[in-house]
Structures are given as C-alpha cells and as structure tokens.
1. Looking at Ala66, Ala92, Ala82, which one is over 17 Å from the mean Cα position of the chain (by Cα), small (Gly, Ala, Ser), open to solvent by 10 Å² or more (accessible area, probe 1.4 Å) and more than 16 Å from Ala169 (Cβ to Cβ)?
2. Among the residues of region 230-257 satisfying the criterion of being among the hydroxyl-bearing types (Ser, Thr, Tyr) and at pLDDT 95 or above, which is farthest from Leu130 (Cα to Cα)?
3. Which one of Thr193, Thr236 is among the polar types (S, T, N, Q) and open to solvent by less than 10 Å² (accessible area, probe 1.4 Å)?
4. So Gln132 ticks every box in (1) on the phi > 0 side of the Ramachandran plot; (2) surrounded by 23 or more Cβ atoms within 10 Å (Cβ to Cβ) but one. Which box is left unticked?
5. Within region 103-119, take every residue that is surrounded by fewer than 22 Cβ atoms within 10 Å (Cβ to Cβ) and more than 18 Å from the chain's Cα centre (by Cα) and give me the one that is modelled with the lowest pLDDT.
6. Is it the case that some residue within region 137-155 is out of contact with any Gly (no Cβ under 6 Å at 6 or more places or on another chain), modelled with pLDDT under 95, in a loop (DSSP other than H, G, I, E, B) and over 17 Å from Ala101 (Cβ atoms)?
7. Can you say whether Ala164 is over 27 Å from Tyr45 (Cα atoms), out of contact with any Lys or Arg (no Cβ under 6 Å at 6 or more places or on another chain) and surrounded by 17 or more Cβ atoms within 10 Å (Cβ to Cβ), as far as the supplied structure shows?
8. Which ones in region 252-267 are closer than 16 Å to Val127 by Cα and of a type in the set (Ser, Thr, Tyr)?
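The values are calculated or read from the model by the stated rules, or taken from the named source; none is laboratory data. Since we're looking at a predicted model, the values are computed, not measured. Cβ placement follows ideal geometry from the backbone for every residue including glycine, while neighbour counts extend to all protein chains displayed. Please note that ligands, DNA and RNA were not included when accessible areas were found on the heavy atoms of the full protein model with its side chains. Shrake-Rupley method; radii C 1.70, N 1.55, O 1.52, S 1.80 Å.
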Amino acid sequence: MRPRPPHPSARQQPHRGGWTRKAAGRRPPSGGAARASGDGAVILYGWHTVKAALENPARRIRRLYATANAARRLAEDGVALAVEPELVRPDAIAQRLGPDAVHNGLLAEAEPLPSPELEEIEPAGIVLVLDQITDPHNVGAILRTAAAFAVKAIVTTARHSPEATGVLAKSASGALEYVPIVTVQNLARALETLRERGFLLVGLDSTGDADLGDAALRSPLVLVLGAEGKGLRQLTRATCDQVARLDLPGRIKSLNVSNAAALALYVVTKRAS
C-alpha cells in the first residue's frame with residue numbers, strides 16, 4: 001500500500017493516553033477553512049469524525065484538541081487515545097475552522113490513511129467510482145452512504161477530486177475510517193483493470209439506456225457516478241459495460257449526486273447477486 005495523498009482505510013493498536021490537563025490555554029494554530037496542513041496532516045473535526053478516527057488503529061493521530069466536555073464524553077465512551085488531548089475552549093477550535101463549522105468540541109490533526117492499490121480490491125460486492133466529483137460535501141455524503149451499504153472501496157482520480165480532510169471528512173461522519181479510497185491517475189484504465197478482475201461496469205447517467213431497476217446486474221459490480229451537470233465524461237461512459245438511469249415519477253427528474261448514489265446503491269444492493 002502507498003500513503004494516501006490526503007485521501008483515505010485499513011487498521012495498529014493505539015496505546016492509551018491520559019486525561020491530564022495539558023496546556024489549557026494553548027490554542028490550535030489559527031487559519032481559514034480546515035484543509036490538509038502544509039506538513040501533510042489531515043484535519044478532522046466533529047464528534048463522529050474524530051471518534052471514528054481515534055477508534056481506527058490504522059489512523060495515526062498527531063495532535064488532539066478537545067474541550068473539557070468533549071474530553072469527558074470520550075472518556076465515558078471508553079475511547080482509547082494514542083495521544084494526550086490538549087484541552088481548549090470551543091472558540092479556539094472555531095478559530096481554526098471558521099464560524100460555520102460544527103466541531104462538537106473536537107479537532108484532530110492526523111496522518112492520511114494508506115490508499116490500497118487497485119489490485120488489492122476484493123472482486124466481490126460493490127465498488128463505487130467517482131468521475132471528477134469535486135464538491136467535498138457531496139463526496140463526504142457519498143462516503144457515508146457507501147459505508148452504510150458496505151461498499152468495498154471508492155475509486156477516484158488523483159486530480160479533480162477533493163482532499164480527504166476538513167469538510168469532506170465532517171460530511172462523511174466517520175466513513176473515511178471504514179471505506180478505502182483508491183486514487184488513480186487514469187480512470188478509464190482503472191475501469192478496464194476492474195473489468196479484467198471480473199467486475200461489471202455500470203455507469204449512472206440521466207441519459208442512460210435503461211432504468212437501473214431493469215438493468216441486468218450481477219456481483220462484483222462497479223457503479224460509476226459522474227459530476228453534477230456534466231455527468232459521465234465521454235471516455236468513462238464508453239468504457240462502461242452499460243449506462244443506466246434512475247427513472248423518477250415526479251416533476252423533477254434529477255437528484256443531487258449524493259442522493260442519486262444512495263438510491264442507486266439501494267437498487268443495486270437489492271438486485272446484484
């Protein structure tokens with residue numbers, strides 16, 4: 001495995017840290033929106049996001065900032081800590097993230113998770129492929145849904161995809177720790193590799209040939225999602241074995257890509273066997 005270039009999943013046993021009040025007046029470094037720091041650290045914030053990272057043995061935590069209430073809650077939940085938390089006031093964390101971030105009193109600086117090679121994906125179940133979906137809220141929501149549907153991995157491009165940090169991590173609500181993300185240079189070539197390993201490649205597009213609910217599906221299956229507005233790129237579409245659509249009964253015929261992913265995963269999970 002190679003280190004994930006602030007992109008995410010696997011599992012080393014953290015040793016426990018104490019809850020001694022340390023540098024109570026110390027604030028995390030200030031700065032704008034939460035992104036991977038200049039030294040490559042991933043920024044994680046929010047209760048579910050940070051708790052899942054702390055419970056993932058593969059996630060190396062560099063520093064942990066917590067309010068007194070959040071620290072107490074972690075202790076009550078029996079969360080093992082690899083580093084001693086630095087107790088800070090809520091506004092110290094807000095200063096780092098921005099006023100609209102819901103941090104629940106927790107912020108962690110962590111190493112990126114290792115990124116599996118494409119060949120390491122087990123040829124079973126469902127794999128999601130994201131074709132230049134760049135909005136971190138959407139990608140985070142897709143990750144959360146992928147974890148709910150036991151998706152084996154998410155494949156995305158090294159370029160034209162958001163970093164697995166900050167807003168994306170918060171939107172994923174802990175799913176970064178559960179769903180491996182594979183980053184590739186050439187998406188069409190990656191799809192061909194997955195086909196050679198036995199996967200059926202199904203693209204999802206509003207102009208697809210048939211409704212996804214009527215398509216001939218089987219496992220292992222790759223579900224390919226395109227960016228909102230642009231949809232699947234021409235080469236991506238041409239590489240798929242079939243392209244399907246979601247037929248909706250209402251006046252609005254298209255969904256946000258993260259909502260479409262949830263509906264499509266429900267359909268293919270029920271039908272692919």
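1. Of Ala66, Ala92, Ala82, the one residue that is over 17 Å from the mean Cα position of the chain (by Cα), small (Gly, Ala, Ser), open to solvent by 10 Å² or more (accessible area, probe 1.4 Å) and more than 16 Å from Ala169 (Cβ to Cβ) is Ala82.
2. Thr239
3. On the way: Thr193 fails: open to solvent by less than 10 Å² (accessible area, probe 1.4 Å).
After ruling out the rest, the residue left standing is Thr236.
4. Of the numbered conditions (1) on the phi > 0 side of the Ramachandran plot; (2) surrounded by 23 or more Cβ atoms within 10 Å (Cβ to Cβ), the odd one out for Gln132 is (2).
5. Filtering first and then ranking leaves Asn104.
6. Within region 137-155, not a single residue is out of contact with any Gly (no Cβ under 6 Å at 6 or more places or on another chain), modelled with pLDDT under 95, in a loop (DSSP other than H, G, I, E, B) and over 17 Å from Ala101 (Cβ atoms).
7. no
8. Scanning region 252-267 gives Ser258, Tyr266.
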